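Some notes on the structure that comes next.
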Amino acid sequence: MAIKLRKKTELFTFYDSKGEKIERETEVRFDPLTGETSRLVYDAGLAITPIDYSEAAEKTKGANCPFCPENIFSMTPVFPKEIAEEGRITKGEAIVFPNLFPYSKHNGVTVFSGDHFIRLNEFTPELIKNAFQAAQMYIHRAAITDSHAKFASINWNYLPLSGGSIMHPHLHIIISDTGTNYQTNTYEKARQFEMETGTKYFTSLSETERLIGERWIADNGTITWLHAFAPKSHNDYIGIFNKAYSVEDIREADWDHFAKGLQTIFSILTDQSFSSFNLILSIDPEQREPVHVRLIPRLTIGALETSDINFFQALHQEPLTYKAPEEIAAKSRIRFEELL
């Protein structure tokens, strides 16, 4: 088995005010590709209260939102004609247009629909599929006009806790000459893995986790869903498009399966009282590794609504989780069996 799953346990011994001995374990897990560590903190008593955004949605919709139907065509910019003859790209209800303050050389924004606020359990497969297919169309057209911009990703900040500054559901499509740290590190390590083992990393990961069964969740069409061994948050879902190595390789049936799988994950997040998340769909610039997706929830903690990112994640760049990946995967398998 080429994939190496390493972890170590650290034991902290101390005493309570009455002199009773207390022992607490922290588990350090090593990412099987990059070697980066994540820490599993046990017995933290994480209690999550979902946030009701109904009032905020009412205050920010309509005239106050550039993505709402009455504003979107007058308040959003348009692409040059070589990207979109009519200025924007559409698929069903989804609309793609340029980001006014771009993160990269090419940065499209995909608005899902005219609905300003969509709860997790209200996203339909059709809404998800149309938005991602519209993003796919933009990546394809940008690639035709710019052969240097090879690093592409589709990204989703859902609701304010994720860093989303506009409540109206939307995606960011990033296409650049330069990969992000995540992309550069992932694909450099993947090349090294392939040289050492003769196999593609994400293909090997999919096969290994399916064989072990502890973090494998489901195979849905050509897409494998699993939970990360060394997670970047309290859940860390990975979706692997086993047959797609480029954006053009993703077929309509793949998007159907992806959308249904994502809808199922949304129901699992809702069960855990998560109401916000970050998502990345990353495409290998050399088309050597399958397209893959990662999704992590975002939350606040306790009565002070403390951020879920502290010095560990922000400066040490060390993810923390209070939830064991194997337990989340087991619950997720049941839900996928029920809904797929």
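Would you mind stating whether residue 309 is farther than 15 Å from residue 201 by Cα and touching a residue at least 60 places away in the same chain (Cβ under 8 Å)? Against the criterion (farther than 15 Å from residue 201 by Cα and touching a residue at least 60 places away in the same chain (Cβ under 8 Å)), residue 309 does not qualify.
Among the residues making up the stretch 288-339, those that are in a helix (DSSP H, G or I), in contact with a strand residue (DSSP E or B) (Cβ under 6 Å, 6 or more places away or on another chain) and modelled with pLDDT of 95 or more are 325, 328, 329, 332, 333, 336.
Taking the stretch 120-134 only, how many residues are in a loop (DSSP other than H, G, I, E, B) and either surrounded by fewer than 16 Cβ atoms within 10 Å (Cβ to Cβ) or more than 20 Å from the chain's Cα centre (by Cα) (or both)?
So the answer is 1.
Of the residues screened, residue 51 is one that is closer than 26 Å to residue 307 by Cβ, touching a helix residue (DSSP H, G or I) at 6+ places or on another chain (Cβ under 9 Å), surrounded by 15 or more Cβ atoms within 10 Å (Cβ to Cβ) and β-branched (Val, Ile, Thr).
Can you tell which of 27, 10 is under 30 Å from residue 204 (Cβ atoms), assigned to a strand (DSSP E or B) and in contact with a Leu (Cβ under 6 Å, 6 or more places away or on another chain)? Don't jump to the end; show me each part of the working.
Numbers: 10 fails: in contact with a Leu (Cβ under 6 Å, 6 or more places away or on another chain).
Of the residues listed, the single one that is under 30 Å from residue 204 (Cβ atoms), assigned to a strand (DSSP E or B) and in contact with a Leu (Cβ under 6 Å, 6 or more places away or on another chain) is 27.
Looking at the structure I just gave you, is residue 97 in contact with a strand residue (DSSP E or B) (Cβ under 9 Å, 6 or more places away or on another chain) and assigned to a strand (DSSP E or B)? Yes: the conditions hold for residue 97.
Report, by residue number, each residue of the stretch 179-204 that is in contact with a strand residue (DSSP E or B) (Cβ under 9 Å, 6 or more places away or on another chain) and either free of Cβ contacts under 8 Å to residues at least 60 places away in the same chain or more than 18 Å from residue 286 (Cβ to Cβ) (or both). If the condition is that a residue be in contact with a strand residue (DSSP E or B) (Cβ under 9 Å, 6 or more places away or on another chain) and either free of Cβ contacts under 8 Å to residues at least 60 places away in the same chain or more than 18 Å from residue 286 (Cβ to Cβ) (or both), then 180, 184 are the ones that fit.
In the stretch 81-94, the residue that is nearest to residue 180 (Cα to Cα) out of those that are open to solvent by less than 80 Å² (accessible area, probe 1.4 Å) and in a loop (DSSP other than H, G, I, E, B) is 83. When residue 156 is tested against (1) part of a strand (DSSP E or B); (2) surrounded by fewer than 19 Cβ atoms within 10 Å (Cβ to Cβ); (3) aromatic (Phe, Trp, Tyr), only condition (2) is not met.
On the basis of being assigned to a loop (DSSP other than H, G, I, E, B), in contact (Cβ under 8 Å) with a residue 40 or more places away in the chain and open to solvent by 20 Å² or more (accessible area, probe 1.4 Å), does residue 66 make the cut? When the stated conditions are applied, residue 66 passes them.
Report yes if residue 219 is assigned to a strand (DSSP E or B), more than 15 Å from the chain's Cα centre (by Cα), at pLDDT 95 or above and farther than 20 Å from residue 150 by Cα, otherwise no. First the steps, then the outcome.
Numbers: assigned to a strand (DSSP E or B): yes; more than 15 Å from the chain's Cα centre (by Cα): yes; at pLDDT 95 or above: yes; farther than 20 Å from residue 150 by Cα: yes.
Spelling it out, residue 219 is indeed assigned to a strand (DSSP E or B), more than 15 Å from the chain's Cα centre (by Cα), at pLDDT 95 or above and farther than 20 Å from residue 150 by Cα.
If you check residue 117 against the conditions, is it hydrophobic (A, V, I, L, M, F, W, C) and crowded, with 19+ Cβ neighbours inside 10 Å? Lay out the reasoning, then the answer.
Details: hydrophobic (A, V, I, L, M, F, W, C): yes; crowded, with 19+ Cβ neighbours inside 10 Å: no.
Spelling it out, it is not the case that residue 117 is hydrophobic (A, V, I, L, M, F, W, C) and crowded, with 19+ Cβ neighbours inside 10 Å.
Apart from one condition, residue 104 fits all of (1) closer than 22 Å to residue 71 by Cα; (2) part of a loop (DSSP other than H, G, I, E, B); (3) not aromatic (Phe, Trp, Tyr); the exception is (1).
Within the set of pairs 6+ apart or on separate chains, which have a first residue in the stretch 143-166 that is on the phi > 0 side of the Ramachandran plot, a second that is assigned to a strand (DSSP E or B), and C-beta atoms under 6 Å apart? Cβ pairs passing all conditions: 159/276; 163/157. Just one residue in the set 205, 211, 226, 269 is closer than 30 Å to residue 65 by Cα and either surrounded by fewer than 22 Cβ atoms within 10 Å (Cβ to Cβ) or of a type in the set (A, V, I, L, M) (or both); that residue is 269. Output the residue which, of all residues in the stretch 37-93 that are farther than 30 Å from residue 326 by Cβ and among the polar types (S, T, N, Q), is farthest from the chain's Cα centre (by Cα). This residue is 74. Within the stretch 271-287, the set of residues being under 17 Å from residue 136 (Cα atoms) and part of a strand (DSSP E or B) comprises 279, 280, 281, 282, 283.
The values are calculated or read from the model by the stated rules, or taken from the named source; none is laboratory data. From a predicted model like this one, the values you see are computed outputs, not experimental measurements. Cβ sites come from the backbone with ideal geometry, for glycine too, and all protein chains shown count toward neighbours. To get the accessible areas, we keep the full protein, side chains included, count just its heavy atoms, and leave off ligands, DNA and RNA. Shrake-Rupley method; radii C 1.70, N 1.55, O 1.52, S 1.80 Å.
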